[in-house]
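Have a look at the structure below before the remarks.
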Amino acid sequence: MEYKDYYKILGIDRKASTDEIKKKYRKLAMQYHPDHNEGDKKAEERFKDINEAYQVLSDEDKRKRYDQLGSSYSDWQQRGAPGNFNWNDWVSQQGSRGGSQQVNVEDLFGGGTFSEFFSSIFGGGGFQSQRSGMPRTRRQQPIQYQQQVTISLNEAFHGTTRQFQSGDRLKEVSIPAGARSGTKVRVSGAGPEGADGRHSDLILLIDVASNPDFVRKGNNLHTQVKISAFTAILGGEAHVKTLNGQVILTIPPGTQPEQLIRISGRGMPDLKNPKKKGDLIVRVKVQIPKNLTTKQKKLLEDIENQTKNLED
């Protein structure tokens, strides 16, 4: 079985912080997501590796266990790789911790989601049931399995869907407009069958990827627009990109650099009331011309002098 270098897969240092891991994962997940690379098998495999690496390195216990394995594997290589690496030493250490039950990924998504390497080291532990080790009674909540799903800001704005294979069942799940990182979506009966014959639930933990054009703060979106110095002085119009098409922004005369202009109702929809939307906050960036002709400079100097005379 081949050792998988999760740090190399994500392109991060072995001392990377949790925030650095999450940031790099979001970037790569969006780049190689199957929705953006339809029919590209290499991108699909890369996406699986990225997801697998994140499942391990974002979890403190799994990362610690993986680092211990990596150290032993490196020692084995430095000794000239005698014989075969003893994977069984690690497989034998599988088992649940703190009462949580490890779940076989193949049972949830029909196989092929995680590699043999991952399953051997972690027992398919990409999903954990949220229950104690006690048998379930009628008063107890059904078993719930949790999995992170990354969506784009555009998908969070409009709402989107994801499909999941559970055995011979294909389920399409709706992710509502207004979802944010941390939003949970319950998929009833999408998990494996329990001892009582009932299928458990799957909880999707939503992670909204960052967007280069917008910063989300609550239901408000922040962006910026560039205008000329003359538009700032005289007023005019500017085209501003939103998540629902372009809008024309009126620039009032005398607009100052870094001034904020609010466009009502052009932000994110409210998760509980999608018809209610936040605002779009536009920061004005004034572009100052660098290479003026002699004639242009003279005209500006005349305007400056006239302005001074009016002030006097």
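Coordinate-derived values only; no laboratory data. Keep in mind it's a predicted model, so treat the numbers as computed, not measured. For neighbour counting, all protein chains shown are included, and Cβ atoms are generated from backbone atoms with ideal geometry for every residue, glycine included.
A few comments on the model shown:
- Links that overshoot a 19 Å alpha carbon limit, given the list K241/K285; K24/K217; K226/K297; K8/K184; K8/K64: K24/K217; K226/K297; K8/K184
- Extension gain, T294-D67: 0.36 nm per intervening residue step, less the Cα-Cα distance, totals 75.2 nm.
- Look at the dipole of region 217-312 built from charges on Cβ: of G218, T255, L271, the Cα furthest out on the positive end belongs to L271.
- Near the amide H of Q148, within less than 5 Å, lie the amide hydrogens of L205, all on another chain or at least 5 residues away, with H placed in the peptide plane.
- Spin-label model distance (nm) - K226 vs K41, 7 Å beyond Cα toward Cβ: 4.3
- Cβ-derived FRET efficiency at R0 35 Å, N219 paired with S17, nearest 0.05: 0.75
- Amide H contacts under 5 Å for I175: T160, T161, R162, restricted to partners 5 or more places along the chain or on a different chain, H placed in the peptide plane at 1.01 Å from N.
- Karplus-derived HN-Hα couplings along region 251-268 (A = 6.51, B = -1.76, C = 1.60, θ = phi - 60°), whole Hz, x at Gly and Pro: 9, x, x, x, 5, 9, x, 6, 5, 9, 10, 9, 10, 5, x, 10, x, 7
- Close amide H partners of T242, meaning residues 5 or more places away or on another chain with modelled amide H under 5 Å apart, are V247.
- Gained length - V185 relative to Q287, 0.36 nm times residue gap less alpha-carbon distance: 32.3 nm
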